[in-house]
1. Mind checking which residues of the stretch 43-57 are crowded, with 17+ Cβ neighbours inside 10 Å and not small (G, A, S)?
2. Being at positive phi and at pLDDT 85 or above is the requirement here; does G41 meet it?
3. Looking only at the stretch 10-22, filter to residues that are of a type outside the set (G, A, S) and loosely packed, with under 15 Cβ neighbours inside 10 Å; which one of those is nearest to R59 (Cα to Cα)?
4. Taking the condition touching a residue at least 12 places away in the same chain (Cβ under 8 Å), in contact with a helix residue (DSSP H, G or I) (Cβ under 9 Å, 6 or more places away or on another chain), surrounded by fewer than 16 Cβ atoms within 10 Å (Cβ to Cβ) and part of a helix (DSSP H, G or I), does L7 pass?
5. Somewhere in the stretch 70-87, is a residue part of a helix (DSSP H, G or I), polar (S, T, N, Q), surrounded by fewer than 20 Cβ atoms within 10 Å (Cβ to Cβ) and at pLDDT below 70?
6. Can you find a residue that is within 23 Å of Q84 (Cα to Cα), under 15 Å from the mean Cα position of the chain (by Cα), modelled with pLDDT of 85 or more and hydroxyl-bearing (S, T, Y) anywhere in the stretch 14-21?
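The values are calculated or read from the model by the stated rules, or taken from the named source; none is laboratory data. A quick note: this is a predicted structure, and the numbers were derived from the prediction, not measured. Cβ: placed from backbone, ideal geometry, glycine included. Neighbour counts: every protein chain shown.
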Amino acid sequence: MITDGELLRRYAETNSESAFTELVERHLALVYSAALRQVNGDAHLAQDVVQTVFADPRREGRFPCEPSGPEGLALHQHAFHRSQSGAHGAAPPNP
């Protein structure tokens, strides 16, 4: 099995669509569950957060982590921060 780090490298170096797709498929459930917890169970807002978490790297040309680092953790943290700042301009959840 190809590691996340190798997939990140492929995406970064060649803009590999298949590498990006594999990364999304591997981490989608984790990112969604993190977002869902942060937005107090609002499924629609959690979906918006997930789209933003995976759209940011597409737009920026890189994932929010290093190839040698824990990619799942970095994506989880990115989901947390995007949830707190609100997806697509939505207000962050109240504590």
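1. Of everything in the stretch 43-57, those that are crowded, with 17+ Cβ neighbours inside 10 Å and not small (G, A, S) turn out to be L45, D48, V49, V50, T52, V53, F54, P57.
2. Yes, satisfied.
3. Checking each candidate, the answer is N15.
4. no
5. yes
6. Checked the stretch 14-21: no residue is within 23 Å of Q84 (Cα to Cα), under 15 Å from the mean Cα position of the chain (by Cα), modelled with pLDDT of 85 or more and hydroxyl-bearing (S, T, Y).
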